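> Handing you a structure now.
The values are calculated or read from the model by the stated rules, or taken from the named source; none is laboratory data. Fair warning: this is a prediction, and the values are worked out from it, not measured in the lab. Ideal geometry is used to build each Cβ from the backbone, glycine not excepted, and the neighbour counts take in all protein chains shown. Heavy atoms of the whole protein, side chains included, go into the accessibility calculation; ligands, DNA and RNA do not. Shrake-Rupley method; radii C 1.70, N 1.55, O 1.52, S 1.80 Å.
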Amino acid sequence: MTHPKYKKQWQVSAADEFGRLAQGVGGRIKNPTDTFTFIREEDIPKDRKKDVTYGSFTCSVRPEKADPNRTRFTAGGDKINYPGEVATPTAEMLVAKILFNSVISTPGAKFMTMDISNFYLMTPLLRPEYIRVKLIDLPEEIIKEYKLREKANKKGCIFLKVVKGMYGLPQAGLLANQLLEKRLNKHGYFQSKIVPGLWKHKTRPIQFTLVVDDFGVKYVGREHAEHLKRVLEEHYKVTADWDGERYVGIHLKWDYDKRQCH
């Protein structure tokens, strides 16, 4: 983020990430998630000081996303001493490819994708987690807006109290998945007990695979895919691609008349 050629755009991207996770920044984050708050070191309970972990940044360019310049702030999950279950059911690549095959072999079937924004960030944690970050690693806009120099310790570090799921926390995926499953079950959707990450509906001709927050949807009749989209939009911000040309990094070209996928 410090390279002169890219500094401005990635500083904004990083500030926006912290704004989404905290309580906004510059008035440009419409619905901040309140995932964490900035606190002083002395605000951490004594019995949790041993659990304080680090935070790191991941930057990537994702053309298929609404915001292609993506900065993600993640918790150091390897330092989290979480006492509960953390394994998350997710579709393997083989399952996704079998679904592609099923689309072209089922008369009238089509494929589309959906993406849930901030999927992990919507789920309350069962207990708070704590992250330590150096001020020099934070965007200046965030430092000024949240007056972080006043909260930093003598070593120039600031601390975060995390109360909702975020990337890097080992329990975040499972908690988010459990909440999603509960919400989908109310509308007739259920996850296969045999194939993790493969979902169906009790009566509608629709199936989908779920990899983290990416849905690969096979449907016969657009109204059924629209139903799934409406159900998700009750709780999440959803981006849909009705052409279904990219899923989990795979580029797809559909020819439904010839029943082929390239």
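> Need the full-extension length gain, residue 70 to residue 144, defined as separation in residues times 0.36 nm minus the C-alpha distance. One decimal, nm.
Values: separation 74, 0.36 × 74 = 26.64 nm, distance 2.21 nm.
Taking residue 70 through residue 144 to full extension adds about 24.4 nm, to one decimal.
> Sticking with this one: Can you list the residues, at least 5 places off or on another chain, whose amide H is less than 5 Å from the amide H of residue 237, using H built in the peptide plane?
117
> Give me the accessible area of residue 234, 1.4 Å probe, in Å² rounded to the nearest 10.
Using a 1.4 Å probe on the heavy atoms, I get roughly 110 Å².
> Sticking with this structure for a sec: For the stretch 137-262, what percent of Cα pairs sit more than 25 Å apart?
The answer is 45 percent, as a whole percent.
> Accessible area of residue 110, 1.4 Å probe, to the nearest 10 Å²?
We get 90 Å² for residue 110.
> Ok, one more. How large, in Å, is the chain by the Kirkwood hydrodynamic radius built from its alpha-carbon pairs?
Values: mean 1/r = 0.0497 Å⁻¹.
That comes to 20.1 Å for the chain.
> To the nearest 10 Å², what's residue 132's accessible area with a 1.4 Å probe?
Roll a 1.4 Å probe over it and residue 132 shows about 100 Å².
> Okay, moving on. Between residue 234 and residue 127, with labels modelled 7 Å along Cα→Cβ, what's the label distance in nm to one decimal, could you check?
Placing both labels 7 Å beyond Cα along the Cβ direction yields 3.3 nm.
> For 155, 253, what's the largest-to-smallest order of accessible area, 1.4 Å probe?
Details: 155 175, 253 145 Å².
Result, largest first: 155, 253.
> In the stretch 13-93, how does Rg compare with the Kirkwood Rh, expressed as the Rg/Rh ratio over alpha carbon atoms?
Working: Rg = 15.8 Å, Rh = 15.4 Å.
Rg/Rh: 1.03.
> About the Cα centre of the stretch 52-169, how large is the charge dipole given +1 on each Lys and Arg Cβ and -1 on each Asp and Glu Cβ? Please answer in debye to the nearest 20. Display every interim value, and only then the final one.
Working: 18 positive and 12 negative charges, 92 e Å.
With Lys and Arg at +1 and Asp and Glu at -1, about 440 debye.
> Right, next: Would you please classify the overall shape of the stretch 202-262 from the alpha carbon gyration tensor, given that a ≥ b ≥ c denote the square roots of the eigenvalues, rounded means a/c under 1.5, and beyond that prolate means a/b larger than b/c while oblate covers the rest? Please report the intermediate quantities before stating the final value.
Working: a/c = 2.12, a/b = 1.33, b/c = 1.60.
Cα axes put the stretch 202-262 in the oblate bin.
> Now, a different point. Post the alpha-carbon centroid distance, the stretch 82-145 to the stretch 183-208, in whole angstrom.
Here the two parts' Cα centres lie 18 Å apart.
> State, to one decimal in nm, how far the label point of residue 250 lies from the label point of residue 202, with both points 7 Å from Cα in the Cβ direction.
Spacing of the two 7 Å Cα→Cβ label points: 3.1 nm.
> With N set to the number of residues, divide the alpha-carbon radius of gyration of the stretch 80-121 by 2.2 N^0.38 Å and report two decimals. All intermediate terms of the calculation are to be shown ahead of the outcome.
Working: Rg = 16.0 Å, N = 42, 2.2 N^0.38 = 9.1 Å.
Taking the Cα Rg and dividing by 2.2 N^0.38 Å, one obtains 1.76.
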